[in-house]
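We did not get these values from a lab; they are worked out from the coordinates using the rules stated. Computed from a predicted structure; not experimentally measured. We place every Cβ from the backbone using ideal geometry, glycine too, and count neighbours over all the protein chains shown.
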């Protein structure tokens with residue numbers, strides 16, 4: 001599985017190849033869908049912030065690459081992904097963000113906008129999916145951003161979603177309501193691929 005290697009920017013496979021690579025490591029449908037949702041949000045954030053959309057998108061797509069491999073061992077999560085991607089020549093900025101998204105376990109601080117964006121985006125996917133699953137149609141098209149914001153205040157709703165991580169969006173200069181709207185719109189763009 002080659003992928004183009006570019007010395008200055010690192011390995012950035014075309015999307016079809018990236019998906020094949022992802023699926024060769026993740027066999028769980030929900031994890032693949034979570035990865036696609038995270039990719040979509042990161043691409044939207046990169047456009048909004050004038051960042052490298054391809055790098056941000058691929059970082060979102062690959063961030064949980066090792067979850068089927070490490071099982072519940074969160075002390076190995078992200079490190080194993082970085083080991084896999086480093087061999088492919090994936091850019092260091094993306095590798096650092098992948099480590100930082102599990103930084104509370106690994107002791108890796110958030111340092112860059114990409115680190116912050118990945119943590120906020122991948123956490124937000126769970127909140128938005130939960131909001132979609134409680135509307136009668138179970139479709140993102142029928143979820144309003146303000147209902148996601150309201151649900152965020154309900155601690156028992158999607159209780160596993162760490163609200164403080166979602167709020168990291170504000171460190172990017174994006175107020176929470178705008179971040180939720182951007183994330184929801186990004187996920188609507190891949191709704192068919194993520195089953196919503």
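Pick from 107, 126, 94 the residue whose mean-square fluctuation is largest in a GNM of the chain, springs joining Cα atoms under 10 Å.
Greatest mean-square fluctuation among the candidates belongs to 107.
Compute the whole-percent fraction of alpha carbon pairs in the range 51-129 spaced more than 14 Å apart. It would help to have the intermediate numbers written out before the result.
Numbers: 1796 of 3081 pairs.
Of all Cα-Cα pairs in the range 51-129, 58 percent lie more than 14 Å apart.
Averaged over all directions, how much area does the convex hull of the C-alpha atoms of the range 15-188 cover when projected, in nm²? Walk me through the numbers before you get to the answer.
Values: hull surface 38.1 nm².
So the Cα hull casts an average projection of 9.5 nm².
Given the options 177, 14, 91, state which has the largest fluctuation in a GNM of the chain using a 10 Å cut-off (strictly under) for Cα springs.
Its mean-square fluctuation being the largest, the pick is 14.
Starting from the Cα coordinates of the range 1-89, work out the convex hull volume and express it per residue in Å³. Provide the component values of the computation, followed by the final result.
Values: hull volume 8.6 nm³, N = 89.
Given the Cα convex hull of the range 1-89, per-residue volume reads 97 Å³.
Measure nothing but the geometry: give the 0 to 90° angle between the long axis through the Cα atoms of 29-49 and the longest principal axis through the Cα atoms of the chain, rounded to 10°.
90
For a quick check: sort 139, 146 by the number of other beta carbons within 10 angstrom, fewest at the front.
Values: 139 14, 146 11.
Going from sparsest to densest Cβ surroundings: 146, 139.
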